[in-house]
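The values are calculated or read from the model by the stated rules, or taken from the named source; none is laboratory data. Keep in mind that what you see is a predicted model, and the values were worked out from it rather than measured. Using ideal geometry, Cβ is built from the backbone for each residue, glycine included, and neighbour counts are taken over all protein chains shown.
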2 protein chains.
Amino acid sequence: MILNTPIDMHLHLREGKMLKDVIPYSAKQFAAAVIMPNLVPPVDNRQRLESYKEEILANSENFTPLMNVFMREYTEDELLDLAEDIFAIKLYPAGITTNSEGGVKSIENVYPVLEIMQELNIPLSVHGETNGFVLDREREFAVVYEKLARDFPKLKIIMEHVGSAELLDLLDRYDNLYATVTLHHLLLTLDDLIGGALNPHNFCKPVIKTPKDRDAIQKFVKSGHKKVMFGSDSAPHPIKNKLKGAAGLFSAPVILPALAEFFDGDIETFQKFISDNARENFNLNVPEKKVEIIEEEWTAPYIVGEVKPMFAGRVFRYKVL
Amino acid sequence: MILNTPIDMHLHLREGKMLKDVIPYSAKQFAAAVIMPNLVPPVDNRQRLESYKEEILANSENFTPLMNVFMREYTEDELLDLAEDIFAIKLYPAGITTNSEGGVKSIENVYPVLEIMQELNIPLSVHGETNGFVLDREREFAVVYEKLARDFPKLKIIMEHVGSAELLDLLDRYDNLYATVTLHHLLLTLDDLIGGALNPHNFCKPVIKTPKDRDAIQKFVKSGHKKVMFGSDSAPHPIKNKLKGAAGLFSAPVILPALAEFFDGDIETFQKFISDNARENFNLNVPEKKVEIIEEEWTAPYIVGEVKPMFAGRVFRYKVL
């Protein structure tokens with residue numbers, strides 16, 4: 001099968017050697033990716049944005065980075081200057097995810113920024129979790145998504161890496177809410193993290209949840225819902241950091257083979273999920289790139305640099321040419 | 001305060017150097033403990049039982065090990081021979097917990113054994129989890145407890161290390177069901193395992209669960225319910241094994257200081273939970289031992305041999321003299 005212009009709507013590439021190690025897997029499988037800005041220091045100004053984009057372009061070919069910047073209290077002038085060169089602004093609730101200690105504590109602090117984003121048609125990307133009990137955090141955040149959707153009806157808001165089924169129900173209630181779904185929230189549950197021996201390699205935020213959540217997410221994705229888009233949240237950490245409890249799965253190497261198995265021949269829905277929905281929802285202008293997947297046994301890498309990928313060593317029925 | 005003859009109704013002591021490292025903490029705080037038999041090879045015959053009991057006695061003073069043996073298809077002669085020297089027989093559903101790969105796959109296979117145990121008044125100790133979704137395993141096992149309780153109305157059955165609130169409701173419905181509660185299921189939730197960075201040191205089976213479960217367990221314990229007994233399930237693993245995903249918390253060093261804080265002056269209920277309920281439910285004949293706890297700051301050990309204890313380094317308001 002041939003996919004037209006696959007886009008990963010949520011990708012962590014890191015910097016330096018790690019970036020060099022991991023970027024080939026995304027560049028091979030995707031035409032473009034939305035690049036997350038939670039580095040240390042974060043990508044939150046023109047200089048950092050440009051140098052990070054240059055680093056990505058210097059280490060890849062035929063791959064378009066759609067840059068995000070980290071939310072802070074930007075001025076209107078800053079946003080006017082950034083608008084043409086970014087895809088969205090990423091909002092992390094404080095202290096919930098990797099390197100997000102600088103996330104915005106009270107969302108109301110950035111309401112002036114959201115006003116301007118709405119005017120300038122800059123989407124808002126959100127890691128939606130409260131500080132509540134770990135399994136309730138996404139569900140509890142639904143009221144925040146609803147408030148944002150109502151308060152900024154023209155602002156396009158992306159609920160990132162949805163792991164709780166309840167959030168998906170918001171998509172049909174608010175025109176301006178969208179969702180990304182990761183490979184791991186689509187396929188895994190807490191059984192893969194704590195069901196046997198503890199498996200730190202499957203630890204991420206939001207945590208993978210119940211079979212009920214996973215099944216609801218699968219159903220939504222299989223339905224071809226226009227507002228659901230693939231975003232891997234592929235987030236490489238050196239193995240030694242994973243063993244110390246770092247959150248994030250490095251799924252990049254296995255995305256298309258795993259999704260090809262998941263869609264099991266339904267290329268039409270696969271194409272929507274991996275590209276068309278995103279391009280239509282956000283009028284993305286990404287150079288066309290065809291990616292061919294053939295039915296041939298392929299073994300996922302055991303290790304990439306210092307990182308253990310998701311599904312390391314698993315044999316897939318599909319291979320990316 | 002002075003506790004009379006505290007008993008830990010569920011303890012893993014291991015063997016060899018590990019046993020020598022960990023046993024002083026139990027022997028200091030407890031008059032007796034029910035010793036779990038899931039070693040490799042398991043304690044499931046007279047020779048192994050005797051040598052293991054000797055090892056425990058040789059490494060402790062003024063401490064009574066109440067020995068359990070591992071469930072298998074014992075003959076009546078074997079049980080007659082063992083009856084006087086064991087407290088209970090431990091049933092692990094296959095493959096669910098540490099070294100329980102030899103657990104009984106179908107409980108019906110051991111119905112003849114349960115018949116004889118009932119006649120001989122040997123209690124049954126059960127790790128009650130199905131092979132279902134990790135958070136549902138205890139709840140799903142309730143029907144097995146109910147069936148066992150009905151099929152063997154004179155057999156005393158202990159639901160070990162209860163982590164799901166629903167199981168406690170069975171205590172008032174079946175005369176012959178009892179429960180042990182650990183320190184970690186009493187005090188922790190999944191937030192302590194996966195709420196921040198992943199914390200492998202708080203990983204155990206059954207997993208610590210929701211605030212709702214923890215709160216219900218606390219309420220039951222505070223009520224002084226006669227059929228609820230303390231059983232630590234303290235289960236030391238070398239740190240290197242914990243980092244590889246081994247299940248179990250080594251709570252032994254901190255039990256009485258942590259419980260003293262939990263009961264916060266309600267010595268009467270503390271005494272029932274830590275001793276009286278067990279002695280009355282099972283007519284235990286344990287030599288009396290007074291354990292004094294004083295109100296004085298005490299810091300939990302950071303490390304014991306190769307093991308990181310629960311609440312390592314935490315400062316408690318109480319100290320065991």
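General remarks:
- Of the numbered criteria (1) part of a loop (DSSP other than H, G, I, E, B); (2) buried (at least 24 other Cβ atoms within 10 Å of the Cβ), the one A:Ala278 fails is (1).
- When the test is whether a residue is among the polar types (S, T, N, Q), closer than 30 Å to B:Leu193 by Cα and away from chain B (no Cβ under 14 Å), A:Thr182 passes it.
- Of all residues in region A:188-213 being assigned to a loop (DSSP other than H, G, I, E, B) and among the charged types (D, E, K, R), the one that is nearest to A:Tyr92 (Cα to Cα): A:Lys205
- Within region B:105-126, being in contact (Cβ under 8 Å) with a residue 40 or more places away in the chain and either under 24 Å from A:Ile194 (Cβ atoms) or part of a helix (DSSP H, G or I) (or both) holds for B:Ile107, B:Tyr111, B:Val113, B:Leu114, B:Ile116, B:Leu120, B:Ser125.
- Considering each residue of region A:237-252 in turn, none proves to be under 30 Å from A:Gly16 (Cα atoms), within 14 Å of chain B (Cβ to nearest Cβ), among the polar types (S, T, N, Q) and in a loop (DSSP other than H, G, I, E, B).
- Filtering region A:132-141 for residues that are β-branched (Val, Ile, Thr), surrounded by fewer than 20 Cβ atoms within 10 Å (Cβ to Cβ) and within 14 Å of chain B (Cβ to nearest Cβ) leaves an empty set.
- Lone qualifier among A:Phe220, A:Phe203, A:Phe152 - being buried (at least 20 other Cβ atoms within 10 Å of the Cβ), more than 14 Å from chain B (Cβ to nearest Cβ) and of a type in the set (A, V, I, L, M, F, W, C): A:Phe220
- Hits in region A:1-49 - residues which are under 22 Å from A:Lys205 (Cβ atoms) and free of Cβ contacts under 8 Å to residues at least 24 places away in the same chain: A:Pro41
- Of all residues in region B:179-202, those being farther than 19 Å from B:Asp215 by Cα and either touching a residue at least 40 places away in the same chain (Cβ under 8 Å) or of a type in the set (Phe, Trp, Tyr) (or both) number 2.
- Count of residues meeting criterion [of a type in the set (Phe, Trp, Tyr) and touching a strand residue (DSSP E or B) at 6+ places or on another chain (Cβ under 6 Å)] in region B:167-206: 1
- Pair list, Cβ < 9 Å and 6+ apart or interchain, from region B:260-274 residues that are of a type in the set (Ser, Thr, Tyr) to residues that are part of a helix (DSSP H, G or I): B:Thr269/B:Val221; B:Thr269/B:Lys222; B:Thr269/B:Phe263
- Scanning region B:51-90 for residues that are part of a helix (DSSP H, G or I) and touching a residue at least 12 places away in the same chain (Cβ under 8 Å) returns B:Tyr52, B:Lys53, B:Glu55, B:Ile56, B:Glu76, B:Glu78, B:Leu79, B:Leu80, B:Asp81, B:Leu82, B:Ala83, B:Asp85.
- Some residue of region A:207-219 being in contact with a strand residue (DSSP E or B) (Cβ under 8 Å, 6 or more places away or on another chain) and among the polar types (S, T, N, Q): no
- In the set (1) in contact (Cβ under 8 Å) with a residue 40 or more places away in the chain; (2) on the phi < 0 side of the Ramachandran plot; (3) of a type in the set (D, E, K, R), B:Glu295 fails one condition alone, (1).
- Residue check for B:Gly163: under 18 Å from the mean Cα position of the chain (by Cα), more than 13 Å from chain A (Cβ to nearest Cβ) and outside any helix (DSSP H, G or I): no
- Scope region B:1-20; condition in contact with a strand residue (DSSP E or B) (Cβ under 7 Å, 6 or more places away or on another chain) and surrounded by fewer than 20 Cβ atoms within 10 Å (Cβ to Cβ); matching residues: B:Met1, B:Ile2, B:Asn4
- Filtering B:Asn45, B:Asn68, B:Asn109 for residues that are modelled with pLDDT under 95 and more than 30 Å from B:Glu296 (Cβ to Cβ) leaves a single hit, B:Asn109.
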